[in-house]
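Encoded as structure tokens, the structure appears first; notes follow it.
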Amino acid sequence: MKPLALITGGASGIGLGISEALAAEGYDLLVCGRRAEARVAAALDRLRAAGAHVTYVSADMGTAGGRQAVMEAARAQGRLHVLVNNAGMAPPERRDLLDASEESFDRVLDVNLKGPYFLTQAVARWMIAQRQADAGYRAAIINIGSVSATMASVERGEYCLSKAGLAMATRLWAVRLGPYGIPVYEVRPGIIRSDMTAGVQEKYDRLIADGLLVQARWGEPEDVGRAVAMLVRGDLPYSTGQVIMVDGGLHLERL
């Protein structure tokens, strides 16, 4: 039986790049997202064509009910080896800090921070039980963060805060799960071509052309997928809690 990976938001954008990479690594996939299954059928077919058994759950990770539905689907398959907390959202409207709403703050934090925090809690309990039952069991948890964890964007402060919180959550879970041999990592993308960045493509095209990045191109979902695959394979076995930058050198301070 193949190992199973759960990828939240795994049927589009960065999540799909991750799902494709893990399918190529020989994983069966449990993919969840807020869209109806019919709307992501083409992506799911691509994953199945790659040889993975794919289960899709339409669920909102910002709600307790959505997280419960995903856990029930995972338990129905009898095993879980990898959790990738990828599902996330930008603010519905970009607003200056002086004008941002509590409604937007609550929604973004629910999806981007509360959701992965408590899904990790539920998954971690089960992973510990699986490890205790089988000494050969291998697992990993990977959070998909953002350069916005440290780069201030005053028109989407709630997003920056959510990703900064996720960075600390990675450190917390790495410490808590270390005694059980379950590594926890953060992959921190920069400017990645996806649905989330489609509305600001012209802006970033211009910034990239003007030298924003050391590697002067857009990142692609497969760039993030490769990083996740490396971690899932166990290529960095002595590096739990680490942040893997996938940002074309955006974070490098330059004169």
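Rounded to the nearest 20 debye, what is the charge dipole size of the chain about its Cα centre when +1 sits on each Lys and Arg Cβ and -1 on each Asp and Glu Cβ? Can you show the working numbers first?
Numbers: 28 positive and 28 negative charges, 155 e Å.
Charge dipole of the chain: 740 debye, to the nearest 20.
Between R206 and D45, what length comes free when the chain is fully extended (0.36 nm per residue of separation minus the Cα-Cα distance, one decimal in nm)?
Taking R206 through D45 to full extension adds about 54.4 nm, to one decimal.
R125 to H53: extension gain in nm, 0.36 nm per residue of separation minus the Cα-Cα distance?
On the way: separation 72, 0.36 × 72 = 25.92 nm, distance 2.44 nm.
Contour length minus Cα-Cα distance gives 23.5 nm.
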Debye calculation, C-alpha points only, no solvent: report log10 I(q)/I(0) for the range 125-255 at q = 0.21 Å⁻¹, in the same order as the q values. -1.26
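Taking the convex hull of the Cα atoms, report for the chain its projected area averaged over all directions, in nm².
Numbers: hull surface 55.7 nm².
Value for the chain: 13.9 nm².
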Taking a crude spin-label model, label points 7 Å out from Cα along the C-beta direction, the A216 to M168 distance in nm is 3.9 nm
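Could you tell me the relative contact order of the chain? Use alpha-carbon pairs under 8 Å, at least six residues apart, and round to a whole percent.
Values: 462 pairs, mean separation 52.9, N = 255.
For the chain, the relative contact order is 21 percent.
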Can you give the angle from 0 to 90° between the axis of helix 115-133 and the longest principal axis of the chain, with both taken from C-alpha atoms, to the nearest 10? 30 degrees
For the range 1-141 (alpha-carbon point model, no solvent) the Debye-based log₁₀ I(q)/I(0) at q = 0.11, 0.14, 0.22 Å⁻¹ works out to -0.42, -0.65, -1.35
For D96, placing the label point 7 angstrom along Cα-to-beta-carbon and taking the range 149-169, residues whose amide nitrogen sits under 12 Å are 154-155
Consider a paramagnetic label point 7 Å from the Cα of Q77 along Cα→Cβ; state which residues of the range 7-26 have an amide N under 14 Å from it. 7-11, 19-26
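Relative contact order of the range 105-193: what whole-number percent is it, with Cα pairs under 8 angstrom and at least 6 residues apart? Intermediate results must be reported in sequence, preceding the final value.
Values: 94 pairs, mean separation 32.3, N = 89.
So the answer I get is 36 percent.
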Taking Cα pairs closer than 8 Å and at least 6 residues apart, the relative contact order of the range 40-167 in percent is 30 percent
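How big is the charge dipole of the range 55-173 about its Cα centre, in debye rounded to the nearest 20, if each Lys and Arg gets +1 on its Cβ and each Asp and Glu gets -1 on its Cβ? Walk me through the numbers before you get to the answer.
Details: 13 positive and 12 negative charges, 150 e Å.
Dipole magnitude for the range 55-173 comes out near 720 debye.
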Charge dipole of the chain about the Cα centre (unit charges at C-beta), most positive-ward option of A139, L119, G15: A139
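Only the coordinates and a few stated rules stand behind these numbers; no lab work does. Since the model is a prediction, treat every value here as computed from it, not as a measurement. With ideal geometry, Cβ positions are generated from the backbone for all residues, glycine too; neighbour counts draw on all protein chains shown.
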